Structure formats: C-alpha cells, structure tokens
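One structure is given below, encoded as structure tokens.
The values are calculated or read from the model by the stated rules, or taken from the named source; none is laboratory data. Remember, it's a predicted structure, so these values are computed and weren't measured experimentally. Every residue, glycine among them, receives a Cβ derived from its backbone with ideal geometry; neighbour counts consider all protein chains shown.
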C-alpha cells in the first residue's frame, strides 16, 4: 500500500512538473491540490524549485487561525529534485495560506505562497 502511494505521489509530481510554466522568472512556486475541499480530505502541496547551486533550505508551511504546520528540507543545490510534494491530513475547516521559502547560500530568502480552503458546514471560506 505504501509503495503504491509513493508511486502515485511520484506520478502526480511528474505531471505537475510538466504542466507548470518554466520557472526562469520564479525560482520557487507553490500550488495545492485541491484548492477547495471538505475537511478530512488530504491536501497535497506541490513546490517547484528551480535547481541552483546556491539553494540550501526549503521550508513549506500551512497556516490558518487555528492551525500551523511546517516542514524544512535541506537541498542539494543543483542536484536537488525540481518538485517536492507534502501532504497534510485531518485539517479542520478554514482558509489556509501555504508558503514556500527557499533559502540561498547568501542568506537571501525567496518566497511563494498560495491559499486553499476547506469548507465546513458552518464555516464557508471567503477570499
């Protein structure tokens, strides 16, 4: 089961990578799937990072008034994979901000963010 999920995540990352526009002007870009759902559904965050020898760390976070989660990964510069996926499970209803912060060797941080919404019975999302 776990192997099948990893394979599915790999296929999703590949399809995401080939459908995204070139990142020459944006070294880091973040998207979610789905953008709108009901609580209890997993939300997958896709982060595309343009490989560069100065890339050092990538922090991916989600935040809402009632929840915060993050993960940080050390990058292998030019040899790092271009697309990363992170799934978040059991999130309560609400509007979430997803951020990706790419830290470079010179301590410069590049930022990208998007939003997604988990619609509850009494908690519609507003943009």
Quiz prompt | Subset of the stretch 86-117 [over 15 Å from residue 35 (Cα atoms) and surrounded by 16 or more Cβ atoms within 10 Å (Cβ to Cβ)] | solution = 100, 101, 102, 103, 104, 110, 112
Quiz item: Can you pull out the residues in the stretch 71-86 that are under 10 Å from residue 58 (Cβ atoms) and part of a loop (DSSP other than H, G, I, E, B)?
Solution: 75, 80
Quiz item: Which of the residues spanning the stretch 36-70 are in a strand (DSSP E or B), over 19 Å from residue 114 (Cβ atoms) and touching a helix residue (DSSP H, G or I) at 6+ places or on another chain (Cβ under 7 Å)?
Solution: 55
Practice problem: Would you please name the residue that is modelled with the lowest pLDDT, looking only at residues in the stretch 24-35 that are touching a strand residue (DSSP E or B) at 6+ places or on another chain (Cβ under 9 Å), closer than 24 Å to residue 104 by Cα and assigned to a loop (DSSP other than H, G, I, E, B)? | Solution: 26
Self-check item: Residue satisfying condition, being under 14 Å from the mean Cα position of the chain (by Cα), at pLDDT below 95, buried (at least 16 other Cβ atoms within 10 Å of the Cβ) and not in a strand (DSSP E or B), within set 13, 17
Solution: 13
